[in-house]
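As structure tokens, the structure follows; a few thoughts come after it.
The values are calculated or read from the model by the stated rules, or taken from the named source; none is laboratory data. Just so it is clear, the structure is predicted and the values come from calculations on it, not from any experiment. Cβ sites come from the backbone with ideal geometry, for glycine too, and all protein chains shown count toward neighbours.
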Amino acid sequence: MTLVPNVHDAEPIPPAARDAIDALLQSGDLFRYTAPQDAPVALLEAEFAELLGTKYALAVSSCSAALFLSLKALGLPRDARVLIPGFTFAAVPSSVVHAECIPVLCEVGENYRVDMRDFAAKLDNVQAVIISHMRGHTSDMDAIMELCEARDIPVIEDAAHSLGTTWHGRNIGTIGKVGCFSFQSYKMINAGEGGILVSDDADLVARAVIMSGAYEHNWKKHANAPELEQAFARWQNQLPLYNLRISNLSAAVIRPQIPELARRVRDGLANHDYVAERLNSSSYIDVPAPLAPERRAPDSIQFNLVGLSDEDIHTFAAAAEARGVKVQVFGLSQDNARAFWNWQFLPEQVDLPQTRAMLMRACDVRLPVRLTRAELDVITDILLASVGEVVGPVPVYGT
Ligand SMILES: Cc1ncc(COP(=O)(O)O)c(C=O)c1O
């Protein structure tokens, strides 16, 4: 009998990381700027830029740090208004507040993507946009870029959950002016903590590098192109240092996982789609489809409960938990960091009725890519049985 898997365990870190860490422990060379060249962090940046097909990458302490530095590197004035989706993690509006800007929230649809009508309506009063591809669900980047380019509004892609996702075959995170990724656990590449930003804009990257903590002439260890060198020279001594660097130890954990990414994406997508198809057989469950240009890279699944009351949904989540599967209902769990009404630190509060309604029905279950078919079946059976506990035997389409 297959046991309920522990969905909080990630994949083991490839053994090559141990050798690299051992060498670092031997030399004590943990700071990214000690070695004259080829420090693990510098190698990670080169490898990541190549992986995504961008000119530059800057590894930092977290995706939140990458978002904050992106906003600062855009040179936004104090109190600039930054449009963000109403469904994202609290770290995103926090990065906007940290950059002394004002988050403006826009509605998100039942499919977890930015509502383009509300987005377009709110665009005229903002100076920048952050698109969180929440849980890897890609918003309509064609429409977003067209609207933003027409107004010369820079787009930051929060691709924290989207490493490996593509849009028309192009890597998510490379469509806007800058893309930010997370290496925190529960992401496609797991270093416990860490983040990286990618961009083709030399001036933006030079500013971000200096502000990330490349003090004095440490920026020279990033200057791999003449236009970057000129940008660094322009910004020397002009910018504050926020010291959001990442250590060589983290880079040593991340780098051996890069060659694993294609397999993780393939397995994660196959697992997700297998569970999605089974869940969609219930008329009480809806797993929203991807948009046509999107190829996802999921390590979790989100679905909406249809036609159930709040009480039913609590009963469903409790029944699943009793059987060993933790379901997060974004809007129903107390103090959830993805529910916008809990972001009480925002300078401007707003209600988003459509997003609120979605959050009250939207469930989140982790599906780490290492799960076997038998384990996926155990999880899916539990979810379907838990719905059945609330509504009686689950009617199945086509039978
Ligand atoms: C959508 C989203 N954006 C940004 C972040 C911030 O990532 P980090 O923990 O690396 O700062 C998270 C964290 O999980 C997230 O969920």
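Before moving on, here are some points about what is shown:
- Residue match in region 354-375 (condition: modelled with pLDDT of 95 or more, closer than 30 Å to residue 78 by Cα and either part of a strand (DSSP E or B) or out of contact with any strand residue (DSSP E or B) (no Cβ under 9 Å at 6 or more places or on another chain) (or both)): yes
Rundown of residues vs (1) surrounded by 24 or more Cβ atoms within 10 Å (Cβ to Cβ); (2) under 17 Å from the mean Cα position of the chain (by Cα), yes/no style:
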{"residue": "32", "(1), (2)": "yes, no"}
{"residue": "61", "(1), (2)": "no, yes"}
{"residue": "67", "(1), (2)": "yes, yes"}
{"residue": "78", "(1), (2)": "no, no"}
{"residue": "86", "(1), (2)": "yes, yes"}
{"residue": "95", "(1), (2)": "yes, yes"}
{"residue": "102", "(1), (2)": "no, no"}
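- The residues on offer are 149, 157, and the sole one that is part of a strand (DSSP E or B) and either basic (Lys, Arg) or more than 28 Å from residue 233 (Cβ to Cβ) (or both) is 157.
- Residue satisfying condition, being farther than 30 Å from residue 79 by Cα, aliphatic (A, V, I, L, M) and loosely packed, with under 14 Cβ neighbours inside 10 Å, within set 322, 276: 322
- Residues that are within 16 Å of the ligand (Cβ to nearest atom) and surrounded by 24 or more Cβ atoms within 10 Å (Cβ to Cβ) within region 192-226 comprise 194, 195, 196, 197, 198, 208, 212, listed in sequence order.
- Members of region 278-318 found to be free of Cβ contacts under 8 Å to residues at least 12 places away in the same chain and within 24 Å of the chain's Cα centre (by Cα), listed by number: 292
- Sole residue being among the charged types (D, E, K, R), part of a loop (DSSP other than H, G, I, E, B) and touching a Leu at 6+ places or on another chain (Cβ under 9 Å), chosen from 110, 100: 100
- Residues of region 335-383 that turn out to be surrounded by fewer than 18 Cβ atoms within 10 Å (Cβ to Cβ), within 24 Å of residue 110 (Cβ to Cβ) and out of contact with any helix residue (DSSP H, G or I) (no Cβ under 9 Å at 6 or more places or on another chain), as a count: 3
- The residue list 313, 301, 258, 254 contains one member that is at pLDDT 95 or above and in a strand (DSSP E or B), which is 301.
- Candidate set: region 65-103, residues that are hydroxyl-bearing (Ser, Thr, Tyr) and in contact with a strand residue (DSSP E or B) (Cβ under 7 Å, 6 or more places away or on another chain); chosen: the one farthest from the ligand (Cβ to nearest atom): 70
- The residues of region 160-183 that are modelled with pLDDT of 95 or more, outside any strand (DSSP E or B) and either more than 16 Å from the ligand (Cβ to nearest atom) or not β-branched (Val, Ile, Thr) (or both), listed by number, are 160, 162, 163, 164, 168, 169, 173, 174, 175, 176, 177, 183.
- Taken together, 71, 105, 76 contain a single residue that is in the same structural domain as residue 173 (by TED's automatic domain parsing) and part of a loop (DSSP other than H, G, I, E, B), which is 76.
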